[in-house]
Structures are given as structure tokens and as C-alpha cells.
Amino acid sequence: MAALLEVENLRVDIPTPSGLLHAVRGVDLQLDRGETLSLVGESGCGKSLTALALMGLLPAAAQRSALRLRFGGEDLVALPEREMSDLRGDRMAMVFQEPMTSLNPAYTVGDQLEEALLRHRRLPRSKARERAVFLLDRVGITAAGSRLSQYPHQLSGGLRQRVMIAMALMCGPELIVADEPTTALDVTVQAQILRLLKELQREFKMALILITHDLGIVARVADRVAVMYAGEVVESAPVKALFQASRHPYTRGLMRCIPVPGRTRPGEKLGVIAGLVPTPIGDLTGCQFRNRCENARPDCARPGPEFRRLDAGHEVRCVLAA
Amino acid sequence: MNGPLIELDGVSRSFSVGGGLFMRKRPLHAVSGVSLAIGRGESLALVGESGCGKSTLARLMIGLLEPSAGAIRLDGKTLAAHGRHAVARRIQPVFQDPYSSLNPRKTVGAIIGLPLDVQGGADGAQRRRQVEAMMEHVGLARRLYHNYPNQLSGGQRQRVAIARALITHPEIVVCDEPTSALDVSVQSQILNLLQDLRRELGLTYVFISHNLAVVEHIATRVAVMYLGRIVEEAATGALFRAPRHPYTRALLDSVLTPEPGLGVPDTHLGAAYPDPVNPPPGCAFHPRCSAALVQCRRDRPSLAGDDRARVACHLYVSSRSGLTRRTS
């Protein structure tokens, strides 16, 4: 069976006063039905723009190109915006980080939930309302029926994020893209929301792309991980392989940076990655991590490096990983 | 033994919220009867969910807010008796967001040196020398002296905020989520810096964070807050090894360590965080507690225990041998 999502050589360029910013540089991704892929990286690595590019939601100034961008049999590269908006919210849906800014404060929760079904399925409002109540209940909101007439500001952060998830589920999508869905929430609520997402994913057999900077979330939620740096995927692996034997110096560096109760000794020095993330403008030949890498060699500046396949599904973009 | 450096004695703070056409203002008890003693050189973490009052408590400690009841004493004298200037010299804050806590129209040198101007005593070349020495201490290059905050990275900005806090050689630094707006690799640099500074300068930290992995790493003692009250307080190691309060347990359960295959834990915290204007009777945590007793709905448990560990929970009894869990 063909993969649900196939991405080959995805690029996003954004014109800036100091030149063209190569925000996403040749990203390849593959996602099967029901699978969870996590995109990890620090601010500016291009993970959010990759997601927006898949959804066709890039800012107007950004330029997208791809060798291949297929979703469930549709070729998204050539798809006109009209048909793209037929897909969006129907077969693919997005959950954003900040539910306060991504919900419309002027409409009730009910209106916003029902909109997707009215738009895509042309169902009568009563049917849409039924589905909204069912899903609000399913995402753990009590007294779901009475919530429909409430406005977003009347809900807590955790409830708003549940509403966002219910909204994404309205049309039963095949793919959900969640961009830092729990970053704005308390840890206790975060655990609840992530459990809920995984449960719903199993129940509705959805694929999930989860964008996060939190390695703890990645470990607990993802099946496969793609680590991004300066617009590129530098390492891609099944989650166990990545945490047991990461091969890219950047991935290893990230893992040494975080304190882990029971593993790092309290008060001991945490690992650091010296230097700063480069701005991807101008000449980007060679490995972009080389000026922060402890093991960099002269040939790291040469064009490439290519993605190397190590074991099953474990690929890394580094000349040192033979 | 010397007395504590800073001591909170039954501190409460309430605000009036709501109010509007035909609506009465209602009191919100953000902090209720908090007593804490922090010794010199300690690093006390305040943890709890949003709205638990930890940031209000921090603002009370730096003198930005006055307590509605109770007293905060620095070296045995209330903050009010010390006076604003003296408190500012000895207690300094570092805030969460280095993007909004630095004046965008001032240079790095002006920002870091401002407390010196306010406190007086240093100007001209001497002021510049002090600022540059502090910049070096926190790992900022001297050439950034004339730069503006928007020319700096997030990590550099937080270093500026730390340098500004330390320039008057305070004894206590109140850090309110100092790393949560930063990237992982920058967070570790700032945590290392805070640890080094504490050792080198003998600082006392009050550290607010929702990241319990960071708390375990940096704090010597932890106070867990729920709805304006401290529900558990213990040395960091003991608290992480053997949490007593069911709420502390739930908080620790929700830490997602980077261990694949374990899945996302169930915290068993069914209901949502209660409305702070309308707190539940008895133990405020009882609607979310799986171990709640009849008594929990009726009586509010008081914080019991000794200097080593305190817990406010009916499941525990305090005796001379310490806190023990009730058997029946």
C-alpha cells in the first residue's frame, strides 16, 4: 500500500531584505496511515514551515517547491488552492500551539466546530451539531451540549486546546498536523492532551505529524522522528533507535542538554552546544552544523552531505556516520 | 544556627476580580497563609499549575506587591521596614521572557547599569568597568555593550537580564521561569550559568518553574503550591523519591522523560483546575484526588510536619518520628 504522505525535496524560500531565506531545504518525508512522525528541532529550524507547506498555509510571501508532494493519492504540488481548501479541514487538519489566537474570539465554540462539516459535507446544521457534541464529549469536555454556545475566552487553556482537537476531528481526517499542541499548557494538562491525541489516533486510524522541541514528548508519542537543523532533516529514525543510538552530532548534543530526573545528577553541568544557529541566507554549501560540531573535519565544508542509510529506517546526514 | 535569610509568615494576598455593569467584584485569594523560611545559599523551587499563586508569591518576595496579611522578613526585619531601595539591592528578579523584560530602546550597557544608577555610587568609568566585568561574568562579550536587545539572541538576552539582576550584588535572586522561553540548547547554557553563579557568589535562589526536570536539577528544596497554598514542602531528592501529597505525585507522574516505549502516563487528574474565585471547600484538591476521604471534603488540612518535610493532606499524620501515611 502506498504511503499516506510522500514528500520529496520540499523547499520553502522567503524573501527578506538581506536576501532569500532558505527556511526549508530539501526535506523528504514519508508517513503511513496511522503512523506518528515527530519533527523536532529548535526555533528557526524550519519544522513549523514544513508543516504549513504541507497544509498549503504558508504566508503569501513564501515560495514553496517540491519534487513530489502526494497526499492520499492527490498531487499537492499542482493542486489549485480551491481544491486544496477542499482537502484542508476535511482529509487533513491542523492543531496549532496557541488555542487562544487560533480560535476566533467572535464566534461561539459551536459555530467554529460546525463550520468544517457545513463547508465540506454540506450537512444540515442539526447533524453538524450532533457530531460537535459527540466529539466535545470524546475529547473529555463535560456538559458538551452547553459548551457550544460559549465563546473561546470563557474556556481555560486546556479546554480550548481540546476544542481545537475536536475541531480538527470533525470531518474524520486521515492526517492531523499538530504544531507544539501542548507547549502553552501545564504539564498535567499536557499529559492529558497527549494521551487523548494518541487514543483518538488509534480510534480513528489517523496519521499524526507532531511538531515539538520537547524530546520527552517525542520519546513518549512518536513512532518515527525527523530531527531538523537549519532547514534540513539531519537525522531520521524509528523512535527507539534515535534515543538509544543517535548518530548525528546535533541530535546527540540535544540529548545531552536536557536534565532527566534519575539520570542526570542534580547540579552537575549539563551539555551545551556552543555557538549559534546559522541564518540560512546566502551560500549554504556543506554541513550547516559544522561550525558548532566538536568532530568537524575539513570535508564537512564540501557540498552535501548526503543522507546515509545506516540500519532499517535510520538515516543520517553526516560524513562522520559511516 | 542562624535564622533564615528570608522568611514568609502567614502571607496572604488577594485581588478583586470581575466587576462590571451590575456585577459585584469578588475577592480572589491568590496566596493564602503561606509560611516559608529560606536559608542563605538555598535554592527553593516553587512549583504548581498556572494560577496556583507561585508568580504572585514571587512578586511579593521582591516587594512588587504588598501582602494583604502576614509578613515577609529579610534578616528578621519586614520588607517595608527595610525600604524599597534596600530591598531592591538585596533581592532581584529574573523574568521568564527576555523579549519583553528588556527595554528595546536602551543599550545592553544602559540596561545592565541601570540598577547602579538607581542605587547611586558608581558613575563614569567606574560604572562602565563594573558593567563590563558583570557582562564577562555571565558570558556576554564586551563588544555587545552598545548593542540593543533586538540584536541579541534569546540566550544572550537572558544573560543580560541575569547581569542586570546581579550588578548590585544581591543576596537573593527570584527567577520566574527563567528558561521556559528558551530553546533546549540555550536552556542548558543558562541553567549551567545560574548554577555557577550561585556557587561563586553564594546566591540564594527562589526558582519558579513548571519544568520539573529543571527543578530537580537546580533546586535544593521544593514547595508545591495548589490554589494559593503550599501543599507539600521537602528537600528535592526526598520529594522526587517519595512524594507524599497526591497532587505532588500527579505532577511528578506527568513528567515526560525521554524514554521511548513508556507512552504518556495517566495522571488520574480527572476534573479541571478549580476556579480560584470559588475554591472547593475542605481540601482544595479533593475533587481531583483519587484517594479523597469524607473528611477531605469538609476540613482543610493544615501543613504538618517538621523542618525536613511538610505536607497538607489528611492521608498523613505527623508524629515525633516524622510524617506517616494513615493506614485505614
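Laboratory data are not the source of any read-out in this text; all were calculated from the coordinates shown. Everything quoted here is computed from the prediction, not taken from an experiment. Using ideal geometry, Cβ is built from the backbone for each residue, glycine included, and neighbour counts are taken over all protein chains shown.
In peptide B:283-296, how many Cβ atoms from other protein chains are near each Cβ within 10 Å, on average?
0
Compute the Cα gyration tensor for the protein assembly as shown, then decide on rounded, prolate or oblate, letting a ≥ b ≥ c be the square roots of its eigenvalues: rounded whenever a/c is under 1.5, prolate when a/b is larger than b/c in the other cases, and oblate in all that remain.
Because a/c hits 1.5 or more and a/b fails to exceed b/c, the protein assembly as shown counts as oblate.
Treat each spin label as a single point 7 Å out from the Cα along the C-beta direction, and report the B:Val17 to A:Glu268 distance in nm.
Going by the 7 Å Cα→Cβ label model, 4.2 nm.
Take every Cα-Cα pair in chain A and report what % of them are more than 35 Å apart.
Value for chain A (Cα pairs over 35 Å): 24 percent.
Sequence-distant or interchain residues sharing an amide H contact under 5 Å with B:Ser43, placed H: which?
B:Tyr205, B:Thr220, B:Arg221
So if we plug the beta-carbon distance of A:Arg68 and A:Tyr107 into 1/(1 + (r/R0)^6) with R0 = 45 Å, what FRET efficiency do we get, rounded to 0.05?
0.75
How many percent of DSSP beta bridges within the protein assembly as shown run antiparallel, rounded to 5?
65
Report, in deg cm²/dmol and to the nearest 500, the calculated mean residue ellipticity at 222 nm for chain B, where each DSSP H run with n ≥ 4 adds -39500 (n - 2.57) and the sum is divided by the residue count.
-9000 deg cm²/dmol
Enumerate the calculated ³J(HN,Hα) couplings along the range A:17-27 in order (Karplus 6.51 cos²θ - 1.76 cosθ + 1.60, θ = phi - 60°), each rounded to whole Hz, writing x wherever the residue is Gly or Pro.
x, 9, x, 6, 8, 8, 6, 10, 10, x, 8
Do you know the Lys pair count in the protein assembly as shown for C-alpha distances under 24 Å, with sequence separation 8 or more or different chains?
Total qualifying Lys-Lys pairs in the protein assembly as shown comes to 8.
Which loop GluC sites (Glu not before Pro) in the range A:217-284, with loop taken from DSSP, have no more than 12 other Cβ atoms within 10 angstrom of their Cβ?
Counting only loop positions with at most 12 other Cβ atoms within 10 Å, the GluC sites (Glu not before Pro) in the range A:217-284 are A:Glu268.
Starting from the exponent 0.38 and prefactor 2.2 Å, build the expected Rg for chain B from its residue count and divide its actual Cα Rg by it.
That works out to 1.06 for chain B.
Mind jotting down the distance between the C-alpha centroids of the range B:80-138 and the range B:161-195, whole Å?
The two parts, judged by their Cα centres, are 14 Å apart.
Can you report the principal axis dimensions of the range A:136-268 using only the alpha carbons, biggest first, rounded to whole angstrom?
51, 37, 26
Rank B:Val186, A:Ala207, A:Ile273 by how far each Cα sits towards the positive end of the charge dipole of the protein assembly as shown (+1 on Lys, Arg Cβ; -1 on Asp, Glu Cβ) and give me just the farthest.
B:Val186
Looking at the square roots a ≥ b ≥ c of the eigenvalues of the Cα gyration tensor of the range A:187-246, which shape do they give, rounded for a/c under 1.5, prolate if a/b is larger than b/c, or oblate?
In terms of gyration-tensor shape, prolate.
Of B:Ala110, B:Val131, B:Leu144, which is farthest on the positive side of the dipole of the range B:103-147, counting Cα position, with +1 on Lys and Arg Cβ, -1 on Asp and Glu Cβ, and the Cα centre as origin?
B:Leu144
Angle check, please: helix B:124-137 long axis (alpha carbons) against the longest principal axis of chain B (alpha carbons), in degrees 0 to 90, nearest 10.
Compared with the principal axis, the helix lies near 50 degrees.
What dipole magnitude, in Debye to the nearest 20, does chain B give about its Cα centre under +1 on Lys/Arg Cβ and -1 on Asp/Glu Cβ?
620
If you take each beta carbon of peptide A:216-224 and count the beta carbons of other chains within 10 angstrom, what is the mean?
Counting other chains' Cβ atoms within 10 Å and averaging over A:216-224 gives 4.
Given the C-alpha centroids of the range B:259-283 and the range A:234-306, what is the distance between them in whole angstrom?
36
Highest mean first, how do A:256-264, B:73-81 rank when packing is the count of other Cβ atoms within 10 Å averaged over residues?
The densest-packed peptide leads the list: A:256-264, B:73-81.
Taking each pair of different alpha-carbon atoms in the range B:105-258 once, compute 1/r for the pair, average those values, and report the inverse of that mean as the Kirkwood hydrodynamic radius in Å to one decimal.
On the way: mean 1/r = 0.0582 Å⁻¹.
Evaluated over the range B:105-258, this radius sits at 17.2 Å.
What whole-number distance in Å separates the alpha-carbon centres of the range A:1-66 and the range A:116-137?
Answer, in whole Å: 31.
Relative to the Cα centre, what is the charge dipole magnitude of the protein assembly as shown, using +1 at the beta carbon of each Lys and Arg, -1 at the beta carbon of each Asp and Glu, and rounding to the nearest 20 debye?
The calculated dipole for the protein assembly as shown is roughly 1240 debye.
Let me see the P(r) profile for the range B:225-305: every Cα-Cα distance counted, bins of 5 Å, each bin given as a percent of all pairs.
Per 5 Å bin, starting at zero, the Cα-Cα P(r) for the range B:225-305 comes out as 3, 13, 21, 24, 19, 11, 5, 3, 0 percent.
Ratio of Rg to Rh for the range A:34-115, alpha carbon only, Kirkwood?
Looking at the range A:34-115, the ratio lands at 0.98.
Ignore the peptide's own chain and count Cβ atoms of other chains within 10 Å of each Cβ in B:262-270; give me the average, rounded.
5
Counting helices only, and only those DSSP H runs with n ≥ 4, report the 222 nm mean residue ellipticity of chain A as the sum of -39,500 (n - 2.57) divided by its residues, in deg cm²/dmol to the nearest 500. Show your work: numbers first, answer last.
Details: 11 runs with 104 residues, N = 322.
Rounded to the nearest 500, it is -9500 deg cm²/dmol.
Looking at chain B, what % of its DSSP beta bridges pair antiparallel, to the nearest 5?
65
Cut-off 10 angstrom, C-alpha nodes, Gaussian network model of chain B. Which of B:Gly124, B:Gly109, B:Gly48 fluctuates the most?
Top of the fluctuation ranking is B:Gly124.
Would you mind telling me the antiparallel percentage of the DSSP bridges in chain A, rounded to 5?
60
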